[in-house]
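Taking it in order: structure first as structure tokens, then the write-up.
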């Protein structure tokens, strides 16, 4: 058996509205929000008495999704420092293709994003950068050069 597709990436957050606004500014669409609780959800993830607000974000092409989750109970646990460098073990970033990297960086800065390094050029193929957004979420942007 093989997989059909990657369905979504999950990110646990404290400020759900701020993170939604960040990804909307990037160009993602809010697909929906829901409160998830009850015995079935607790059995699924192995947490008793969980109460979680979940927001599903979708890329404009409809193929990529990010599931944002704000835990009310049990309280979220901090694992990695928000300012962890790019070489920290674990999932470190999500990369998005953009039309205009300078415009995307400028818009995301209004939501608190900071460049981790600088916008660089890779040959005549891409302009690339890493940004740290709300709650330490790292996104990479790639602008394909013609």
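Points worth noting:
- Residues of the stretch 86-109 classified as without any contact (Cβ under 8 Å) to a residue 12 or more places away in the chain and either in a loop (DSSP other than H, G, I, E, B) or touching a strand residue (DSSP E or B) at 6+ places or on another chain (Cβ under 9 Å) (or both), total: 5
- Boolean, residue 82 is at pLDDT below 95, more than 25 Å from residue 6 (Cα to Cα), part of a loop (DSSP other than H, G, I, E, B) and not assigned by TED's automatic domain parsing to the domain that holds residue 36: yes
- Flag if residue 139 is in a strand (DSSP E or B), within 19 Å of residue 9 (Cα to Cα) and not assigned by TED's automatic domain parsing to the domain that holds residue 35: yes
- Filtering the stretch 35-66 to residues that are surrounded by 10 or more Cβ atoms within 10 Å (Cβ to Cβ) and either in contact (Cβ under 8 Å) with a residue 40 or more places away in the chain or closer than 21 Å to residue 6 by Cβ (or both) leaves 36, 44, 45, 54, 55, 56, 57, 58, 59, 64, 65, 66.
The values are calculated or read from the model by the stated rules, or taken from the named source; none is laboratory data. Only a predicted model underlies this, so the values are computations on that prediction, with no experimental measurement involved. Reconstructed Cβ throughout: ideal geometry from the backbone, glycine too, with neighbour counts over all protein chains shown.
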